[in-house]
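Report on the following structure.
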């Protein structure tokens, strides 16, 4: 028991729990940074991969807030205990909203919006592009990367997804006749489907 009390006192001194940043030695600043980073890593792991996985507006906001709180903890403007309580509270809110949006699609549309179709059968929906504040060059880049096409005519559909990415669905290519032969009264047709 005495060992744990001694260890706790050493840890408190090392990370400068009650000290202002200006009063800490370089070793204590480094130790506090490593300690806060470790605590943040543990809290994020508890929050699962969902924490920043989807990159919805809510996920990004959560990342900024947690980063801000952790930086305040490193600089000594916030205690480790209060930062941990705040981050755990935010994680509980995040989990609750994720749970609600999983079971109720209307709530999901409120938090994450909904996908928006940008191309339908090779025709760009200019109104959808304008509402999305998406430039034609960005759409064309996605078409080249994912659709394997140089223009929108080769695209069946394109969507601006809820996370801000663009999904391209290329048109199915028609089979192309490569060769036609007639041998011994049998017609042979070779098609390319790729």
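The values are calculated or read from the model by the stated rules, or taken from the named source; none is laboratory data. Being a predicted model, the structure only gives us computed values, none of them experimental. A quick note on method: Cβ atoms are made from the backbone with ideal geometry, for glycine too, and the neighbour counts reach across all protein chains shown.
Couple of notes before you dig in:
- Segment 160-178, residues that are assigned to a loop (DSSP other than H, G, I, E, B), closer than 15 Å to residue 121 by Cα and in contact (Cβ under 8 Å) with a residue 24 or more places away in the chain: 171
- Filter result for residue 105 (under 27 Å from residue 60 (Cβ atoms) and exposed (fewer than 13 other Cβ atoms within 10 Å of the Cβ)): yes
- The residue list 67, 135, 122, 154 contains one member that is loosely packed, with under 14 Cβ neighbours inside 10 Å and farther than 21 Å from residue 36 by Cβ, which is 135.
One line per residue, one yes/no per condition, for (1) farther than 28 Å from residue 129 by Cβ; (2) at pLDDT 90 or above:
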| residue | (1), (2) |
| --- | --- |
| 152 | no, no |
| 159 | no, yes |
| 162 | no, no |
| 173 | no, no |
| 177 | yes, no |
| 183 | yes, no |
| 188 | yes, no |
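- Conditions (1) outside any helix (DSSP H, G or I); (2) free of Cβ contacts under 8 Å to residues at least 12 places away in the same chain: number failed by residue 157: (2)
- One residue from 138, 125 being under 20 Å from the mean Cα position of the chain (by Cα), under 30 Å from residue 59 (Cβ atoms) and modelled with pLDDT of 80 or more: 138
- Tally of residues being within 24 Å of residue 86 (Cα to Cα) and at pLDDT 80 or above across segment 9-27: 0
- Scan of segment 70-79 for residues that are assigned to a helix (DSSP H, G or I) and surrounded by fewer than 17 Cβ atoms within 10 Å (Cβ to Cβ), ordered by number: 71, 72
- Residue check, residue 119 touching a helix residue (DSSP H, G or I) at 6+ places or on another chain (Cβ under 9 Å) and in the same structural domain as residue 156 (by TED's automatic domain parsing): yes
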